[in-house]
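The structure appears below as structure tokens.
The values are calculated or read from the model by the stated rules, or taken from the named source; none is laboratory data. As the structure is a computational prediction, the values presented were derived from the model and not from experiment. All Cβ positions, even for glycine, are placed from backbone atoms using ideal geometry, and neighbour counts span all protein chains on display. The accessibility values were calculated without ligands, DNA or RNA, using every heavy atom of the protein model including side chains. Shrake-Rupley method; radii C 1.70, N 1.55, O 1.52, S 1.80 Å.
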Amino acid sequence: MIGAAIFSVPSSIFLSVGSVGAALSLWVIGIMITFCGFYIYLELGCLLPHTGGEKVYLDTAFPRPYRLASTLYAFYILFGFPGMASVVIADNTLFAFNVTASEIGQRALAVGIMALVAAALSISREWSVRIVNSLSLLKLATFLLILSTALAIVVGVIPSNGDLGANFQNPFAHSSTSVYDYSVSLFKVLESFLGWNSASLVLGEVKNPQRTLKVAGLLSVGSVGLLYLLINVSYFIVATPSDIGQAGTQLVARLLGNVFGSAASRVTAGMVALSTFGSSVSTAFAVTRVIRELAAEGITPAASILSKTSRSGNPAIATSIFMFGPSVVAVLLLPFGDAYAFLLDVNQYMLAMVYGAVVVCLFIIRQNVSSAEYPFQVWTWVPWLFLACQIYLVVSPLASPSGPGDTNLPYWLAPVVSFLVIGLGVLYWRLKAFDNSARNLWFGKIGDNLGSYGAITAP
């Protein structure tokens, strides 16, 4: 769950909403929404513990039109830009080595980092997991350093650069009044929690998936939610709002550099780069498996190649190349300073539509599966609340902001790109020649897919 966003988005969130209180309130809301989503995925994951996550749920609930749901989900996976964290890694790596690179050099480094992630996955499945776990410890060490610094300032061990409580005296002063600002900021908060649903993508490879998902998932969401809230409070203890707003994707390194000096700043930047690299490997580990499942059903192009498993136990290296393709194009073409924030907006906008569709899946599946077959069922108000949040996130960014958007690109570009991806998915589905296979399957029933995936009977 701990990825690149928590190291980079707090700066842009504060710039958008304009106050400490509003920024921290969004993190509390983000925790609540994440818990709602987790419980929905817990119900579906316990019922259908198979690799594929949303693909499994969409296929089960929407058997017709034949493979349309899977195709649209494949386009979300492909254009969810899983390589966007490479921008944060490149930025912090250059800062760590005190290197000033041209924009071309920054782009080349970001693309090289994606290639390095693909190479890491080609080693072996076990070593991929070890890399992720080892670098996860570095993430926790980085967080511990931030929290310890804030605590030391509070108790007076480290002198404060200003009035310690100034940021919290009038916490909601200068808050933005634009709905758009809060919407794009909430996108960024939810991106920080994104890993909460990654387990559903690889449940077929998890031992005792029902018990593991319940215990590990609940502990993860709860602990990370509390940790993120404390980290954001620490940011405002360590630095002034002005410092936070100007730090960008180098937030942690620059803030700790203000306290301990330039050497500490560079070391911290290196820690952030390495820990974010571990998150990128983790994301790629899950996403390549979903692409392999999609390819095995003939949904993706070059399905015979992408459906293979390499000797390492991971999907073939071609799958990683396919996965990072759109991210490489985006990194090379978009203004580099806006690339990360823009790709994050596009990803979260499409993800809001996916989450909304998953809630509908839950309601449909409930109508076709008796309560006795459920190992776990979430309270009914939870999916309704989660669905309302996704509808808000889809609709609200379409309103014109009162000021500039969160990037120098047009505010409407992220929603337009998202709808364009959906349109391309529908066009691809029509041209894929699924029609011949679909003529006899157009009227398939949800029960057929439930039988195919195998609903789990409660013990």
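For the list (1) open to solvent by less than 30 Å² (accessible area, probe 1.4 Å); (2) of a type in the set (Gly, Ala, Ser); (3) in contact (Cβ under 8 Å) with a residue 40 or more places away in the chain, I need the number of the one condition that Ser175 fails.
For Ser175, the failing item is (1).
Please go through segment 116-144 and give me each residue that is open to solvent by less than 60 Å² (accessible area, probe 1.4 Å) and within 24 Å of Pro10 (Cα to Cα), ordered by number.
Answer for segment 116-144, where residues must be open to solvent by less than 60 Å² (accessible area, probe 1.4 Å) and within 24 Å of Pro10 (Cα to Cα): Val132, Leu135, Ser136, Leu138, Lys139, Ala141, Thr142, Phe143.
Of all residues in segment 230-270 being among the small types (Gly, Ala, Ser) and either under 14 Å from Phe14 (Cβ atoms) or in contact with an Asp or Glu (Cβ under 8 Å, 6 or more places away or on another chain) (or both), which is most open to solvent (accessible area, probe 1.4 Å)?
First, the residues of segment 230-270 that are among the small types (Gly, Ala, Ser): 234, 239, 242, 245, 247-248, 253, 257, 261-265, 269-270.
Keeping just the survivors that are either under 14 Å from Phe14 (Cβ atoms) or in contact with an Asp or Glu (Cβ under 8 Å, 6 or more places away or on another chain) (or both) gives 234, 239, 242, 245, 247-248.
On the way: Ser234: 7, Ala239: 8, Ser242: 66, Gly245: 13, Ala247: 9, Gly248: 28 Å².
Ranking the candidates gives Ser242 first.
Would segment 72-90 turn up any residue that is more than 21 Å from Leu393 (Cα to Cα) and of a type outside the set (A, V, I, L, M)?
yes
Within segment 257-295, which residues are out of contact with any Lys or Arg (no Cβ under 9 Å at 6 or more places or on another chain) and either of a type in the set (Phe, Trp, Tyr) or closer than 14 Å to Phe322 by Cβ (or both)?
Phe260, Phe277, Ala284, Val287, Thr288, Arg289, Ile291
Please state which of the following conditions Pro326 fails to meet, knowing it meets all the rest: (1) within 25 Å of Val17 (Cβ to Cβ); (2) touching a residue at least 24 places away in the same chain (Cβ under 8 Å).
(1)
Among the residues of segment 79-112, write down those that are of a type in the set (A, V, I, L, M) and buried (at least 23 other Cβ atoms within 10 Å of the Cβ).
Of all residues in segment 79-112, those of a type in the set (A, V, I, L, M) come to 84-85, 87-90, 94, 96, 99, 101, 104, 108-111.
Passing the criteria: Met84, Ala85, Val87, Val88, Ile89, Ala90, Ala110.
Find all pairs meeting these conditions: Cβ atoms under 6 angstrom apart; at least six residues apart or on different chains; first residue within segment 96-121 and at pLDDT below 90; second residue open to solvent by 70 Å² or more (accessible area, probe 1.4 Å).
Listed pairs, sorted by first residue: Ala96/Arg266.
Out of Leu413, Leu424, Leu398, Leu393, which single residue is at pLDDT 80 or above and open to solvent by 80 Å² or more (accessible area, probe 1.4 Å)?
Details: Leu413 fails: open to solvent by 80 Å² or more (accessible area, probe 1.4 Å); Leu424 fails: open to solvent by 80 Å² or more (accessible area, probe 1.4 Å); Leu393 fails: open to solvent by 80 Å² or more (accessible area, probe 1.4 Å).
Going through Leu413, Leu424, Leu398, Leu393 in turn, just one is at pLDDT 80 or above and open to solvent by 80 Å² or more (accessible area, probe 1.4 Å): Leu398.
Select from segment 27-48 the residues that are open to solvent by 20 Å² or more (accessible area, probe 1.4 Å) and either in contact with a Phe, Trp or Tyr (Cβ under 8 Å, 6 or more places away or on another chain) or in contact (Cβ under 8 Å) with a residue 60 or more places away in the chain (or both) and write down the one among them that is farthest from Lys188 (Cα to Cα). Walk me through it before giving the result.
Just the residues of segment 27-48 that are open to solvent by 20 Å² or more (accessible area, probe 1.4 Å), to begin with: 28-29, 31-32, 35, 39.
Right, trim to either in contact with a Phe, Trp or Tyr (Cβ under 8 Å, 6 or more places away or on another chain) or in contact (Cβ under 8 Å) with a residue 60 or more places away in the chain (or both) and you get 28-29, 31, 35, 39.
Details: Val28: 13, Ile29: 12, Ile31: 12, Phe35: 16, Tyr39: 21 Å.
Going through the qualifying residues, I end up with Tyr39.
For segment 18-26, state whether one or more residues are closer than 20 Å to Gln377 by Cα, β-branched (Val, Ile, Thr), out of contact with any Gly (no Cβ under 8 Å at 6 or more places or on another chain) and open to solvent by less than 20 Å² (accessible area, probe 1.4 Å).
At the first step, the residues of segment 18-26 found to be closer than 20 Å to Gln377 by Cα are none.
So far as segment 18-26 goes, no, none of its residues is closer than 20 Å to Gln377 by Cα, β-branched (Val, Ile, Thr), out of contact with any Gly (no Cβ under 8 Å at 6 or more places or on another chain) and open to solvent by less than 20 Å² (accessible area, probe 1.4 Å).
State yes or no: is Gly30 in contact with a helix residue (DSSP H, G or I) (Cβ under 8 Å, 6 or more places away or on another chain) and outside any helix (DSSP H, G or I)?
In short, no.
Limited to segment 293-328, what total is found for residues that are of a type in the set (Lys, Arg) and open to solvent by less than 10 Å² (accessible area, probe 1.4 Å)? Before you say what the answer is, go through the steps one by one.
From segment 293-328, those of a type in the set (Lys, Arg) are 308, 311; that's our starting set.
From the residues that got through so far, the ones that are open to solvent by less than 10 Å² (accessible area, probe 1.4 Å) too are none.
The number of residues fulfilling the criteria is 0.
Considering only residues that are in contact (Cβ under 8 Å) with a residue 60 or more places away in the chain and of a type in the set (Val, Ile, Thr), look in segment 205-229 and name the one that is surrounded by the fewest Cβ atoms within 10 Å (Cβ to Cβ).
Only one residue tops the list, namely Val206.
Mind listing whichever residues of segment 308-335 are polar (S, T, N, Q) and within 22 Å of Leu424 (Cα to Cα)? Explain how you work it out, then say what you get.
From segment 308-335, those polar (S, T, N, Q) are 309-310, 312, 314, 319-320, 327; that's our starting set.
The answer is Thr319, Ser320, Ser327.
Every residue in segment 355-377 that is open to solvent by 10 Å² or more (accessible area, probe 1.4 Å) and either in contact with a Phe, Trp or Tyr (Cβ under 6 Å, 6 or more places away or on another chain) or free of Cβ contacts under 8 Å to residues at least 24 places away in the same chain (or both), please.
Phe363, Arg366, Gln367, Ser370, Ser371
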